[in-house]
Amino acid sequence: MVERLRDHYQIRDEKVLEAMRSIPRHAFVPEALQGRAYGDHALPISGSQTISQPYIVARMTELLEINSESKVLEIGAGSGYQTAVLAKVAGQVYSIERIASLAREAQDRIRQLNIYNATVKCFDGTLGWAANAPYDAILVAAGGPGIPEPLVAQLKVDGRLVVPVGESRESQRLVRIIKTATGYKEEDHGGCAFVPLIGQHGWST
Ligand code: SAH
């Protein structure tokens, strides 16, 4: 899996590749699908949600440009796999998941791997997590109709927000926002397909 990320998908950040090497992806997928855990695809998890394709996890992590000093916010913990990868690279990770059972399971899996710098809570992540703001980087793992404003507000100046944005619920563009002193810069990093971001600053259902 890691060779494919490096050679085919051109992931260059060694910290990201090392994190992907060290986190056992099979521990985050349903038992019946564990044989496919290291394939080049997303997989279903409970609650009609998905664990993202390894390439997407690596690419989004790389776009955050984080290191062991970084404080990171994640929206959409899902299985907790992306959370665990972020925790290997960053200093501290705060993650939000709107489905309570997923949030609980994600936190349990992370603890079982002896990762202590990631916290998963259940609420609407489109509001951000103001108590721990500002963040060096924010990753949104579900696709909404626009950029949730509270997330931009909770970024440090020069901080990075990576978020799938699309007019339809089925497909999005992967957008990176870099906050500036007066506003933000926006970059397009190509097409993608995430499950819907549901909340006050996302889709309504
Ligand atoms: N990176 C995850 C992918 C999870 S799929 C993984 O590797 O497993 C996206 C997740 O976003 C789903 O679990 C969904 O429930 C969650 N989600 C959608 N809208 C949300 C919101 N407003 N706040 C928090 N989580 C949300």
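The values are calculated or read from the model by the stated rules, or taken from the named source; none is laboratory data. Note that the structure is predicted; figures quoted are calculated from it, not measured. No Cβ is skipped: glycine too gets one built from the backbone with ideal geometry, and neighbour counts run over all protein chains shown.
Only one entry in Pro54, Pro44, Pro24 is in contact with a His (Cβ under 9 Å, 6 or more places away or on another chain) and at pLDDT 95 or above, namely Pro54.
Answer yes if at least one residue in the range 78-100 is touching a Leu at 6+ places or on another chain (Cβ under 6 Å) and more than 23 Å from Val2 (Cα to Cα), and no otherwise. Checked against the condition, which is being touching a Leu at 6+ places or on another chain (Cβ under 6 Å) and more than 23 Å from Val2 (Cα to Cα), the range 78-100 yields at least one hit. The residues listed here are Arg98, Arg36; of these, the one that is within 12 Å of the ligand (Cβ to nearest atom), farther than 22 Å from Arg12 by Cβ and basic (Lys, Arg) is Arg98. Only one of the listed residues (Ala103, Ala141, Ala133) is closer than 18 Å to Glu65 by Cα and within 14 Å of the chain's Cα centre (by Cα). That residue is Ala141.
With respect to (1) within 15 Å of the ligand (Cβ to nearest atom); (2) crowded, with 20+ Cβ neighbours inside 10 Å, the lone exception for Ser204 is condition (2). Based on what the data block shows, is Gly47 touching a helix residue (DSSP H, G or I) at 6+ places or on another chain (Cβ under 7 Å), among the small types (Gly, Ala, Ser) and surrounded by fewer than 19 Cβ atoms within 10 Å (Cβ to Cβ)? For Gly47, the condition - touching a helix residue (DSSP H, G or I) at 6+ places or on another chain (Cβ under 7 Å), among the small types (Gly, Ala, Ser) and surrounded by fewer than 19 Cβ atoms within 10 Å (Cβ to Cβ) - is met. Take the residues of the range 142-160 that are of a type in the set (Val, Ile, Thr) and under 9 Å from Lys179 (Cα atoms): which is nearest to the ligand (Cβ to nearest atom)? Checked the range 142-160; the qualifying residue nearest to the ligand (Cβ to nearest atom) is Val152.
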